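Report on the structure given below.
The values are calculated or read from the model by the stated rules, or taken from the named source; none is laboratory data. Keep in mind that this is a model prediction, so the values were computed, not measured. Cβ placement follows ideal geometry from the backbone for every residue including glycine, while neighbour counts extend to all protein chains displayed. Just so you know, the surface numbers come from the protein's heavy atoms only, side chains and all, with ligands and any DNA or RNA stripped out. Shrake-Rupley method; radii C 1.70, N 1.55, O 1.52, S 1.80 Å.
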Amino acid sequence: MAKDLIPSDITSGLSTAFIGQKIIYYSSLPSTMDAARQEIQQGAAEGTVIIAGNQTAGKGRRERQWLSPPGNIALSIILYPDIKAVPYLIMVASIAAGQSIEAISGRCPQIKWPNDILVDGKKVCGILIENEVKGNNIAFSIIGIGINVDLNVADYPEIANTAASLKPGPGKGDLRVKIIRSLLIEFEKLYCQLLDGKVIFEAWRNKLVTIGKKVRATSGNHIVEGIAESADESGALIIRGADGTVTKVVAGDVTLRE
Ligand code: BTN
């Protein structure tokens, strides 16, 4: 059984101004997304992070379940962004997650559109963003990040062929603590750059493994097949079909085809 994380191991000397300066830790809870909503109702400050040792009802994109047994990383970051920043939050989260995985594990993560982080072609991290719109503004955004750590994927038939996990090495310290600290620092750096008007989109697009590949994209009942030519600034994937038609896919899932 994985040890409980100790929030002060994460916050101690953490070089951020606000992201992760307050961490609320639960050994086990249904989902950090719901806990974050409750904290927002109690007036949580921007950058508050909810972390779970284990989620019993982890939420994935498109109403899917997200497995996060003890030992995994499951966290949600509370933000109160300007509405103009919202389309770019997924880019901030994906780049930050990829960079922290690379820095700490030495693996070479890639981003699969729209927001999966892969190592060796398999999913090691998923990101879920929930935004609450109020009139013309955003009341809050919750950035949920799940990273597979020390997970024996073969024990879970539903993900055995598609998921990967980071393995703690012989080095000292808890791999989860190192990744979370790095993630929070990278996230704040990119989020502040975004709020300062820096273009995040190009860095995200350059890390997309999807570009140039033959793909099948599913968006609602709609299926689009072709070559993923690019992604535009709004985050949409641009697919050119065999007949030359160009389709912009704004939301959905893609399968990479050989
Ligand atoms: C996906 O790839 O479908 C997104 C997975 C997001 C999982 C994370 S784990 C922390 C946070 N809490 C949840 O219930 N889901 C997100």
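Of the strands (runs of 3 or more DSSP E) contained entirely in the range 97-214, those carrying at least 2 residues that are over 20 Å from Ala231 (Cβ atoms) fall at 122-134, 137-147. Specify the residue that is modelled with the lowest pLDDT; the eligible residues are those in the range 215-239 that are farther than 18 Å from Ile111 by Cα and surrounded by 14 or more Cβ atoms within 10 Å (Cβ to Cβ). Looking at residues that are farther than 18 Å from Ile111 by Cα and surrounded by 14 or more Cβ atoms within 10 Å (Cβ to Cβ), I get Ser219.
Pairs are defined by a Cβ separation below 7 Å, a sequence spacing of at least 6 or placement on different chains, a first member in the range 46-62 that is away from the ligand (no atom under 11 Å from the Cβ), and a second member that is part of a helix (DSSP H, G or I); the pairs so defined are Thr48/Glu39. In this structure, does Ala74 turn out to be outside any loop (DSSP other than H, G, I, E, B), surrounded by 21 or more Cβ atoms within 10 Å (Cβ to Cβ) and of a type in the set (Gly, Ala, Ser)? The answer is yes for Ala74. Kindly indicate whether Tyr191 is closer than 19 Å to Arg61 by Cβ, in contact (Cβ under 8 Å) with a residue 40 or more places away in the chain and open to solvent by less than 80 Å² (accessible area, probe 1.4 Å). Against the criterion (closer than 19 Å to Arg61 by Cβ, in contact (Cβ under 8 Å) with a residue 40 or more places away in the chain and open to solvent by less than 80 Å² (accessible area, probe 1.4 Å)), Tyr191 does not qualify.
Residue count for the range 63-88 under the criterion of being within 12 Å of the ligand (Cβ to nearest atom) and of a type in the set (Lys, Arg): the result is 1. May I ask you to verify whether Gln41 is assigned by TED's automatic domain parsing to the domain that holds Ala154 and either away from the ligand (no atom under 12 Å from the Cβ) or at positive phi (or both)? Here the answer is yes, as Gln41 does meet what is asked. Residues of the range 102-130 that are more than 15 Å from the ligand (Cβ to nearest atom), among the hydrophobic types (A, V, I, L, M, F, W, C) and closer than 17 Å to Ile73 by Cα: Ala103, Ile104. Number of residues in the range 22-51 that are more than 19 Å from the chain's Cα centre (by Cα), surrounded by fewer than 16 Cβ atoms within 10 Å (Cβ to Cβ) and part of a loop (DSSP other than H, G, I, E, B) equals 5.
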